[in-house]
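Here's the structure we're looking at; comments come further down.
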């Protein structure tokens with residue numbers, strides 16, 4: 001039984017073709033990539049980090065990267081244009097070319113500083129963040145303050161022109177690779193819990209900082225616990241006013257949620273289909289098993305709905321209309337779809353889900369290499385605010401429903 005071709009027809013009322021001007025821009029980006037990111041050049045490079053750094057610098061100069069960041073901070077300072085930004089993302093992904101430096105610094109801290117930081121903070125921190133010289137850890141979650149982040153107990157006291165910080169943070173991704181941290185701490189102990197928090201910046205390479213990697217069930221150790229004992233940072237390394245860190249943190253989370261909500265669920269789904277075609281279950285391809293086939297078809301419907309929702313959000317961006325709670329809905333939808341795809345993959349690979357990834361480096365995804373996707377799908381339902389927290393925000397702020405009686 002052949003797997004049917006997945007139809008991608010769009011209703012005629014929905015015009016998704018690029019204009020002549022945008023089609024020309026797409027060709028321009030593709031030509032740039034053909035010249036600046038040639039395969040032989042990448043294969044022969046002895047210093048891939050240096051190659052990526054040089055490429056990013058040239059791509060920024062051309063206006064393709066760091067588009068929303070002013071030139072004085074190291075960006076390309078382009079006018080907001082969601083369609084051009086989407087074209088760039090698509091072209092760079094197809095060419096497997098480096099986009100912006102990965103990590104919290106570019107996706108979370110930089111937009112937060114642009115919105116809430118002092119001018120000297122933008123000048124000092126953003127340029128080196130864009131080049132990757134400064135790498136930022138996110139100091140939010142604590143052992144007893146995860147979803148209820150406002151219950152955090154980490155403190156900072158102003159002493160002789162410096163903040164003295166005592167904190168215990170957890171689930172801090174890649175902290176062992178970071179040079180700096182943006183952190184939420186309680187600076188006003190007598191204020192209501194949301195009003196007594198400040199948003200501080202600090203260096204991690206100093207006495208009193210201890211970083212412990214957490215061994216995960218997947219065999220990786222990307223998450224960390226971070227202990228800060230009498231760690232110091234200058235008094236003016238505070239973003240926003242003292243005691244307003246909760247409002248500043250919401251700016252950061254907004255960008256984190258947008259990044260997660262833009263996950264390529266369609267590509268992950270396509271990988272699932274290939275897995276089902278290539279993997280044998282009970283002597284035949286998994287795709288021919290009626291139960292698995294039904295589940296794949298069901299999740300395809302969600303993927304298509306998510307795709308249309310993404311188009312709608314893009315349309316609102318292009319027209320200058322606020323997206324409202326749509327980014328929250330898309331983040332929630334993307335993580336739910338990812339979790340279901342991972343569940344189907346788990347059933348397809350069966351006992352091989354207990355194996356560790358082969359790390360073959362062949363460029364092909366072996367069945368057991370779905371392990372990281374499976375565990376990662378669970379992590380993304382927590383990152384940027386748990387799914388239940390997202391539902392509460394959508395219900396209360398988007399739909400105007402009352403808060404739970406017990407909250």
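Bear in mind these aren't lab numbers, they're just calculated from the coordinates by the rules spelled out. This structure is a prediction, so every number in the text was calculated from the model and none was measured. Every residue, glycine among them, receives a Cβ derived from its backbone with ideal geometry; neighbour counts consider all protein chains shown.
With the convex hull drawn around the C-alpha atoms of region 103-159, the volume per residue stands at 128 Å³. Extension gain, residue 159 to residue 346: 0.36 nm times the residue separation minus the Cα-Cα distance gives 62.0 nm. Protection proxy ranking of 267-276, 194-203, 78-87, by the mean of other Cβ atoms within 10 Å over each peptide's residues and highest first, is 194-203, 267-276, 78-87.
If R0 equals 30 Å, the separation of the Cβ atoms of residue 62 and residue 123 corresponds to a calculated FRET efficiency of about 0.80. With the convex hull of its Cα atoms as the shape, region 108-244 has an orientation-averaged projected area of 8.5 nm².
Annotation: extensible slack from residue 311 through residue 391 equals 26.6 nm (criterion: 0.36 nm per residue apart, minus Cα-Cα distance). Which residues does the label zone of residue 247 cover in region 86-116, counting backbone N under 14 Å from a point 7 Å along Cα→Cβ? Once the point is set 7 Å along Cα→Cβ of residue 247, 115-116 turn out to lie under 14 Å by backbone N, inside region 86-116. In plain terms, the chain from residue 191 to residue 28 could stretch by 53.2 nm, reckoned as 0.36 nm per residue minus the Cα-Cα distance. Here the spin labels are modelled as points 7 Å beyond Cα on the Cα-Cβ line, and at residue 99 and residue 294 they lie 3.7 nm apart. Distance between the pseudo-spin-label points of residue 403 and residue 282 (7 Å out from Cα toward the beta carbon): 5.1 nm. Applying 1/(1 + (r/R0)^6) with r as the Cβ-Cβ distance of residue 270 and residue 53 and R0 = 30 angstrom yields a FRET efficiency of 0.45.
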